[in-house]
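The values are calculated or read from the model by the stated rules, or taken from the named source; none is laboratory data. On a predicted model such as this, the values are computed, not experimentally measured, just so you know. Methodologically, a virtual Cβ is constructed for each residue, glycine included, from the backbone with ideal geometry; neighbour enumeration extends over all protein chains shown. The protein model used for the area step is the full one, side chains on, heavy atoms only, and it has no ligands, DNA or RNA in it. Shrake-Rupley method; radii C 1.70, N 1.55, O 1.52, S 1.80 Å.
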Amino acid sequence: MSLMDILSIVIPSTMLWAAPLIFTALGGTFSERSGVVNIGLEGLMVIGAFTAIVFNLTFADVFGDMTPWVSLVAAMVVGGLFSVIHAVASITFRADQTVSGVAINLLAVGVSLFLVKFMYDKGQTDIIQKGFSKVDIPILSDIPILGKIFFSNTYYTSYVAIIIAFIAWYVIFKTPFGLRLRSVGEHPMAADTMGINVTKIRYIAVILSGALGGIGGGIYAQSITSDFSHATISGQGFMALAAMIFGKWHPLGAMGAALFFGFAQSLSIIGSSLPFLENIPNVYLLIAPYVLTILALTGFIGRADAPKASGVPYIKGNR
Amino acid sequence: MSSRMKNIIVPILAVLLGIIVGTIIMLITGYDAGAAFIALWDGAFGDIYYTGETIRQVTPYILAGLAVGFAFKTGLFNIGVEGQLIVGWLAAVWVGVAFELPKFIHLPLAVLAAAAAGALWAFIPGLLKAKFRVHEVIVTIMMNYIALHVANYIIRTVLSEKSDRTADVFPSASLRSPFLEGLTDYSRLHWGIIVALICVFIMWFILEKTSRGYELKAVGFNQHASEYAGMSVKSNIILSMVISGAFAGLAGAMEGLGTFGYASIRGGFTGVGFDGIAVALLGGNTPIGIILAAVLFGSLKVGALNMPLEAGVPNELVDIIIALIVFFVAASYMIRIFIDRIGKKGAK
């Protein structure tokens, strides 16, 4: 098997697995940059996956080939709405943000499986007929060598994810909103003194994280699993959280980390068909993202520090 | 109203609110809420068999709750109980299948191996927290997944010939009890509940009756003050995580040596570790509170399995109620304000 063949298998597969992680990790970045820890990302992905699949099954006849995209919008909206619960608890009611995130995760699984049984009278949905499918991107796939590796047999969603990561970078670092977002996450009292509405910014950030997490779940379900059951989202949200940290709370870093974790995930699945990896137990690839994240936090791979006010509720007038 | 009264009323209100919202969900979706709750009760206590199953479920919940609660007392959030439970489960079964020894050596050895494995798994985040000030929440989450994949790998390659489960543990390492099973109409009730209750006593004793426990709590209240008073914050953080992990590992031993008697490849988590967070929160991190909360969640979980059969209501409704209870306890600020308002009106 030539290097060319290997790359043209590994890279599209990496992009496929990375796309949901990129979206969700970006969501986490927005939330944590504003000072709200969101370990409910897993639950938000569950809600997104559930919404996308149900919407897809219900409206496949109406929207035709556009169905998966419209379903993604639905997943985004419902994910955003669901994250309001986390926002209310952790911003308005000053709940422990980690506990509230745990509640979001438990609630998302409970609600979505309850509704699946309510609607379909069984534990999992049917397989969707109109998922995201592999495409050769027009024009770009005709570029010699690069076209075959990067733009053939791939998914549009992966490219959308990368574009959104650059947009997120622009928003967080180049716009007034981004400056406010970061200041609220570093020193909310100073931001408040300067007339920034801390509560409003944090609400927006958490809702953005819900919307992006919802999209992440929607992509995962519509391109990888094609149905919804209790096992559809199993740890991708936490892996996205890891990607956010490994990327040092930076949108492009999160994207890079998500691509790398997507690479590890896809190798653990297709590795056995590649010549030089077939003898390596895939357990190493499976645990690589988590081990690397711990190492990054510890400082062995450049220390990663969270925004200063992350996890601390802001109470006006408190020093 | 005294803060002590509030500490009792908040969890009770949280449970009531959870049940009320659960009822509303059933009314909206057109399920028969009354029948659902009767089915839930019958499924948990309606028959001696179900009662046995409920106590069996309560056993790991108590231990997982102790694990989370103990770390909370030192100001640490051990969200890695799930991973520590998995390695404890694996270690217990490993000892259970590897040797054949007299029961009075083998069983304690297997149980202790589980505690040691859990403690080791929690030692790492404790050490990283103490040495490098790395937040324990993230590290323990990552350790959960490492535990899951490593345990699966060991089960597949070391403890079996590419099979998806290990052999059963030798009877000399089993917590199973024909006596308890006979007493409860052949439920899977085992001796683990005794271990769990002993651990409740141990937690109470360490925290309330030893100077080490006093230090652990002091560090939880105020790290700087403890440091100033001459306590070692670092060693207390590590110790707290290690003890917490040992409790979590024991919860794994309950499953490995009692309920199942083997370890198998898992696609995802058991959920016991995360439910342990709910148990500890609702129980206010106190030994008695944890027992009561574990009984509540254990009976909800076991009773729920009867809801689809008897009332046609999906058992996930109970998961929703548990999540809501966690949510309401977490957002207890809301409930406390509410109580204050009521209290003021009463005073007028």
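How big is the dipole moment of segment B:32-312 about its Cα centre under a simple scheme where the beta carbon of each Lys and Arg is +1, that of each Asp and Glu is -1, and everything else is neutral? Debye, nearest 20, please.
980
Would you mind working out the accessible area per residue for chain A, using a 1.4 Å probe, and quoting it in Å²?
Heavy-atom accessible area per residue stands at 40 Å².
Give me the accessible area buried between chains A and B, both sides summed, with a 1.4 Å probe, in Å² rounded to the nearest 100.
Summing both sides, the interface buries roughly 3600 Å².
Take chain A, connect every pair of alpha-carbon atoms lying under 10 Å apart with a spring to form a Gaussian network, then pick out the residue of A:E42, A:E32, A:E186 with the largest mean-square fluctuation.
Of the options given, A:E186 has the highest mean-square fluctuation.
If you build a Gaussian network model of chain A, linking Cα atoms that sit under 10 Å apart, which residue out of A:I149, A:I219, A:I245 swings the most?
A:I149
Please give, to one decimal in nm, the separation of the simple spin-label points placed at A:K308 and B:N222, each 7 Å out from Cα toward the Cβ.
2.3
Where in chain B are the DSSP H helices whose C-alpha atoms run 20 Å or more along the long axis and whose mean Kyte hydropathy is at least 0.0?
B:3-29, B:48-73, B:81-98, B:103-132, B:136-157, B:192-209, B:233-253, B:287-304, B:316-330, B:332-347
Quickly rank A:282-294, A:199-211 as a protection proxy: mean count of other C-beta atoms within 10 Å, highest first.
Output ranking for A:282-294, A:199-211: A:199-211, A:282-294.
When you count, for each residue, the other Cβ atoms within 10 Å and take the mean per peptide, how do A:60-70, B:2-12 rank with the highest first?
Result, highest mean first: A:60-70, B:2-12.
Suppose a student asked you for the relative contact order of segment B:32-312, using Cα pairs under 8 Å spaced at least 6 residues apart; what percent would you report?
42
List every residue whose amide H lies under 5 Å from the amide H of B:R165, counting only residues 5 or more places away in sequence or on a different chain, with H placed 1.01 Å from N in the peptide plane.
Distant-sequence amide H within range of B:R165: B:I265.
Would you mind checking the pairs A:K308/B:K131; A:K316/B:K6; A:K316/B:K344; B:K103/B:K162; A:K174/A:K248 and listing those with alpha carbons more than 21 angstrom apart?
The answer is A:K316/B:K6; A:K316/B:K344; B:K103/B:K162.
Using a 1.4 angstrom probe on heavy atoms only, work out the carbon and sulfur share of the accessible area of the protein assembly as shown in %.
Carbon and sulfur: 67 percent of the exposed surface of the protein assembly as shown.
For A:K174 and B:F205, what is the calculated FRET efficiency with R₀ set at 51 Å and r taken between the beta-carbons, to the nearest 0.05?
Approximately 0.30, to the nearest 0.05.
Sum -39500 (n - 2.57) across every DSSP H segment of at least 4 residues in the protein assembly as shown, then divide by the residue count to get the 222 nm mean residue ellipticity, nearest 500.
Taking each H run of at least 4 residues, the total per residue is -23500 deg cm²/dmol.
Can you give me the accessible area per residue for chain B, using a 1.4 Å probe, in Å²?
Dividing the accessible area of chain B by its residue count gives 42 Å².
If DNA, RNA and ligands are ignored and the probe is 1.4 Å, what is the ranking of A:H86, A:H250 by accessible area, most exposed first?
Result of the area sort, largest leading: A:H250, A:H86.
Output needed: percent of Cα pairs per 10 Å distance bin for segment A:3-298, bins running from 0 to the one holding the longest distance.
7, 27, 34, 22, 8, 1, 0
Within 10 Å of each Cβ of A:284-293, how many other protein chain Cβ atoms are there on average?
Whole-number average of other-chain Cβ neighbours for A:284-293 is 5.
Using a simple spin-label model with points 7 Å from Cα along the Cα→Cβ vector, what separation in nm is obtained for A:V135 and A:A190?
Computed distance between label sites A:V135 and A:A190 equals 4.6 nm.
Please identify the helices of chain A, taking whole runs of DSSP H, that span at least 20 Å along their own axis as judged from the Cα atoms and have a mean Kyte-Doolittle score of 0.5 or higher.
Counting only whole DSSP H runs, the qualifying helices are A:3-33, A:41-63, A:67-87, A:97-120, A:156-174, A:198-220, A:251-270, A:283-298.
Among B:L85, B:L300, B:L309, which one shows the biggest mean-square fluctuation in a GNM of chain B, springs joining Cα atoms closer than 10 Å?
B:L309
By how many nm would the segment from B:R341 to B:A167 lengthen if fully extended, with 0.36 nm per residue of separation less the alpha-carbon distance?
Result for the pair: 56.7 nm of gain on full extension.
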